[in-house]
Amino acid sequence: MPALRYPNRKFHPEPSWRSYTRTPATTMPVSLRGWLLDRGSLTQRLIDASEGEFRLEVLNQHMALPLLSEANALGLPTRQRAVVREVILYGRGEPWVYARSIIPIKTLTGRLRSLRTLDNRPLGALLFNDKTMQRGDIEITCMNTESHLQPRLPQDIKGTIWGRRSVFYLDQKPLLVSEMFLPKFKPYNNPITFHFHR
């Protein structure tokens with residue numbers, strides 16, 4: 001995103017991301033810990049938790065400059081544009097997760113050109129059905145929506161929220177997916193099945 005869009009960037013820094021191995025488990029809400037650390041498909045877990053009442057709303061998908069931490073996570077030059085996709089995942093009619101994906105131009109080649117036109121299809125379903133998919137380490141963040149920079153997060157969503165992100169590889173080509181659990185995300189009592197494969 002162009003810096004000019006955020007004239008108060010100095011006072012609204014990006015969220016601080018750190019490896020889950022460096023994030024004390026005791027600092028994470030017990031109710032969210034299993035969701036933050038699970039390496040399986042979040043999309044599928046949300047579908048299951050919502051008993052099928054799941055939908056995706058695309059907020060934005062266009063070519064733009066990633067945030068600095070996003071470019072660093074992907075090893076991109078700071079001024080290199082990428083496809084930036086932002087969506088809200090709804091369960092039972094409530095906004096449960098804000099997801100932001102960064103897809104470098106170099107990833108959008110060959111069969112992966114189709115990532116340019118996902119429309120309302122969940123990216124997670126595509127990732128976890130791809131036999132070449134590999135997932136990097138999970139990073140965790142906790143941010144205050146009023147003091148941290150988070151593009152396109154709906155204005156009526158305020159407070160402290162937890163999130164995670166990972167670099168995924170398809171055909172050894174990287175893309176970054178960040179997922180923020182919103183205040184109305186409440187399926188905490190569903191049985192947790194951890195997925196540590198890949």
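Read-outs throughout are calculated quantities, based only on the coordinates presented, and are distinct from any laboratory measurement. Bear in mind the structure is a predicted one, so any value in this text is a computation, not a measurement. No Cβ is skipped: glycine too gets one built from the backbone with ideal geometry, and neighbour counts run over all protein chains shown.
Each residue, Arg92 and Val58, gets one label point 7 Å from its Cα in the Cβ direction; the gap between the two is 2.9 nm.
The modelled label-to-label distance between Met133 and Ile105, using points 7 Å beyond Cα along the C-beta direction, is 2.7 nm.
Counting other C-beta atoms within 10 Å, which of Tyr20, Tyr90 has the fewest, and how do the rest follow?
Lowest count first: Tyr20, Tyr90.
Footprinting exposure proxy ranking of Val84, Val58, Val167, fewest other C-beta atoms within 10 angstrom first, gives Val58, Val167, Val84. Evaluate E = 1/(1 + (r/R0)^6) for Arg79 and Asp171, where r is the Cβ-Cβ distance and R0 equals 25 Å; express this FRET efficiency to the nearest 0.05. Using R0 = 25 Å, I get an efficiency of 0.45.
The residues Lys173, Lys184, when put in order of fewest to most other Cβ atoms within 10 Å, stand as Lys184, Lys173. The simple Förster model, with R0 at 25 Å and r as the Cβ-Cβ distance, assigns Lys184 and Ala125 a FRET efficiency of 0.65. A simple count of charges around Ser114, restricted to other residues whose Cβ falls under 12 Å of its Cβ and scoring Lys, Arg +1 and Asp, Glu -1, yields +2.
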